[in-house]
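Notes follow the structure.
The values are calculated or read from the model by the stated rules, or taken from the named source; none is laboratory data. This structure is a prediction, so every number in the text was calculated from the model and none was measured. Ideal geometry is used to build each Cβ from the backbone, glycine not excepted, and the neighbour counts take in all protein chains shown. The accessibility values were calculated without ligands, DNA or RNA, using every heavy atom of the protein model including side chains. Shrake-Rupley method; radii C 1.70, N 1.55, O 1.52, S 1.80 Å.
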Amino acid sequence: MTAAPRASDDVDGRTTAGPGRSDDTEVRRSARNGAAGLVGAATSGLFGFLLAVVITRGYGTAGSGAFFAAIGVVTVATAICTLGAETGLMWALPRRRLGRTGDSARLLPVALLPPLVVAVVVAVVGVALAAPLSGWLLDDTGAGGASLLAVAFAVVPVVVAMTLLLAALRCVRSIRSYVSVQFFLLPVARPILVGAAALTGGGLLLGLTGWLVPVGIALLVCLVLVAGPVGLRQGADLRPQGHDWRTFWGFALPRAASAAIDAGSMWVGVLLTSALADQTQAGVFGAVGRYVLAGQLAMQGLRVAVTPQLSRLLGQGEQGAAATVHRQLTTWGLVLSWPVYLLLAVFGPAFLRLFGPEFAAGAAAMTVLALAMLVNTGVGNVQSLLLMGGRSGLHLAAAVAGLTCTVTLGVALIPGYGATGAAVAWGAGIATENLIAFACARRLVGHPLTGRSMVRAAAATVAGVGAAAGVGVLVAGRGIPGLVVALVVLTVGATALLAMPGVRAGIRAILTQIRGGRPAPAQSVKGR
């Protein structure tokens, strides 16, 4: 068996032995990277929640609705303008050689130039149309709304450049570098700067500026970190060849539309709610969405940790190893994410009160979306399997089906039901996209994407969290006291589990994988 690679070796999965390495080696690698991704995701989730509290407490329902709408403009515009190039880099760079004599540097102009040109055009047009758009999106035809949208559009090229360089950073350096920028620098700085703006009475425009400033810092950091490995400092060739353009954009263009759909899935609901209902309902829906996205951070952390590894394995025809990695990390994500979503579904009123009493109206929306996210996290990162297998067209088909469902139901339900209607629409879209993507990924990989260990983990999680939540509701209701009771019951139950030898042995096996060691055969985690 090939020795486990050092963490410093695991940049893009190309430093160890080629095809034929065992599934156990890949599982250990994914365990190390997954653990780093989870730590970063936890930090990002904590500070992302803090940011949502700062926005909602600092600007109220209407003000936070406008703030979330402006963030939505940046997010959706960036996703459109990147043209799928960030996923293209994650797919292509692990298959290229680094350094001065390598061919990885030639991808940078191919991946960066077209998106930046599109981003500049979108920024110019958006700034010019900011005034009329503010009247539609923000119920505000005055200078305040127009200025907010103008700033949002103006920074799109900077956000696009940062997004692409972040993707390159994940492929050319260790997971720790990516986590430091994406999951620490950005989420930690934002609540500090936005909170300072709110406390000083600077208004929405200054608050949005505080949200955007870390983007510029992250861009510079990524540029410095990427330049060395791809050989820019040593004079690596930056002139693309014809096949570089054809190969890269043949993959990336189908991803362009699906990337916009994925990144803008929540923000489509925010913008539709703002346009079809009002800013107050949009603010409520945006607050609910923040909780829902925070629960997804575990899966996001795992996805960015192993995406280059999946690209390499599928590119080498090692579908079995890719399926093994997928099953293991899906089980991890399920165990970490489902308790969050089950508690959100039951104790929505308690969580939303942290934003202020006026946000309690989003409790029904919270329950709907939390249940829908059980499907999303339950199938795992099947979208990554499709994309890293080169099937961006299939992923686009699944994303279009989900968006169609979201928009169709949103137009029908939001005018009458506000945030709850938006949640039903988005939840249906989430389930539709993920189930279609799962079926396509299973056919592509040719190996099971689920296993007995996943089913046991899902059943145990639902039973344990469900029992604790039931006790909390019976004893103290769905408010904060009931949530506290449920958390106490869960803590006691988790402590009792840790006293069981079998559970301790399983945890030791996982920790051994994370440290790069080889678990005992009886404790090897295969995901079946």
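Within the accessible surface of segment 76-157, defined with a 1.4 Å probe on protein heavy atoms only, the carbon and sulfur portion equals 73 percent.
Can you tell me how much longer the chain between ALA128 and ALA460 gets when fully stretched, taken as 0.36 nm per residue apart minus their C-alpha distance, in nm with one decimal?
Full extension of this stretch gives 114.0 nm more.
Contact order, relative form, for segment 425-500: 18 percent (alpha carbon pairs under 8 Å, 6 or more residues apart, mean separation divided by residue count). Enclosing the Cα atoms of segment 87-163 in their convex hull gives a volume equal to 86 cubic angstrom per residue. Accessible surface calculations at 1.4 Å, restricted to protein heavy atoms, place segment 373-504 at 45 Å² per residue. For LEU352, the shell of other residues with beta-carbons less than 15 Å away shows a net charge of +3, using +1 for Lys and Arg and -1 for Asp and Glu. For segment 336-483, the relative contact order works out to 32 percent when only alpha carbon pairs closer than 8 Å and six or more residues apart are counted. When CYS405, CYS81 are compared by accessible area of protein heavy atoms, the largest-first order is CYS405, CYS81, using a 1.4 Å probe.
Can you give the FRET efficiency for VAL117 and VAL475, using 1/(1 + (r/R0)^6), R0 = 56 Å, r = Cβ-Cβ distance, to the nearest 0.05? All intermediate terms of the calculation are to be shown ahead of the outcome.
On the way: r = 60 Å, r/R0 = 1.07.
Efficiency at R0 = 56 Å is approximately 0.40.
The VAL188 and VAL213 beta-carbon pair, evaluated with R₀ = 22 Å, returns a calculated FRET efficiency of approximately 0.95.
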